[in-house]
1. Whole number please: convex hull volume per residue, Cα atoms of region 51-108, in Å³.
2. Going down the list 85/125; 75/133; 4/124; 11/107; 11/85; 71/142, which pairs span over 19 Å between their C-alpha atoms?
3. For region 1-52, what value does the Rg/Rh ratio take when both radii are computed over Cα atoms and Rh is the Kirkwood radius, given to two decimals?
4. Provide the per-residue ³J(HN,Hα) series for region 121-133, in order, calculated from phi with Karplus coefficients 6.51, -1.76, 1.60 and θ = phi - 60°, each as a whole number of Hz, with x at glycine and proline positions.
5. How far apart, in nm, are two points set 7 Å out from the Cα along the Cα-to-Cβ line at residue 11 and at residue 87?
6. Under 5 Å between amide hydrogens, which residues at least 5 positions from residue 51 or on another chain qualify, with H placed 1.01 Å from N in the peptide plane?
7. Which residue, 53, 143, 101, tops the fluctuation ranking in a GNM of the chain built on C-alpha contacts under 10 Å?
8. Quick one: if the Förster radius is 35 Å, what FRET efficiency do residue 112 and residue 156 give, using the C-beta to C-beta distance and rounding to 0.05?
Amino acid sequence: MKNKNFNLTFKGNAINTGSMRNDIDVIFESMDERFQLATDEGAFHGGKGTAPPPLALFTASLCGCVMTQIKAFGKKLNIQVNEIKIDATMEWNGNITDEGPYLAECKGYNLDIDIISNETLDRKKKLLNAAIKGCFIEASLKPGLVKHRLKNKDNWISV
């Protein structure tokens, strides 16, 4: 079988209009789809709680990506999946320093996954391993993939 590659491109246009609320238009260019999302923080961070905080959306994204791949790859591998349940624990630390407000540190993500099916444990493992390898969110967690640029007048500089 010949390998078939494909590209996925998402673009985001985000604006903060005051307080801690951010309105984001996400364009899924590869599928010609557009989504309007928002994030906000609670009072602790100076927000008004009008939308989920970014870490809530991140948690939902990781769980949703793994579940989507389990369902999709179950069909491709002919492994029956009735239902999927994930209990996720996402942990971060905020380390207060003398130089700034705090530094973010990721302690880790734990996903307890229940693939509800009559399939054997070996087939469920095969499916889960395939789903993990196919999850774009998990692939995005590799260090060094996020690159930042800062606008300086009419130019962009790498930070």
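1. Expressed per residue, the convex hull around the Cα atoms of region 51-108 is 105 Å³.
2. 4/124; 11/107; 11/85; 71/142
3. Rounded to two decimals, Rg over Rh is 1.26.
4. Along region 121-133, the couplings run 4, 4, 6, 5, 4, 4, 5, 4, 4, 5, 5, 4, 5 Hz.
5. Calculated label separation equals 4.3 nm.
6. 40
7. Per the Cα network of the chain with a 10 Å cutoff, 101 tops the list.
8. Efficiency, from the Cβ-Cβ distance: 0.25.
Bear in mind these aren't lab numbers, they're just calculated from the coordinates by the rules spelled out. Small disclaimer: the values here were computed from a predicted structure and weren't measured. FYI the Cβ positions are ideal-geometry reconstructions off the backbone, even for glycines, and counts take in every protein chain you see.
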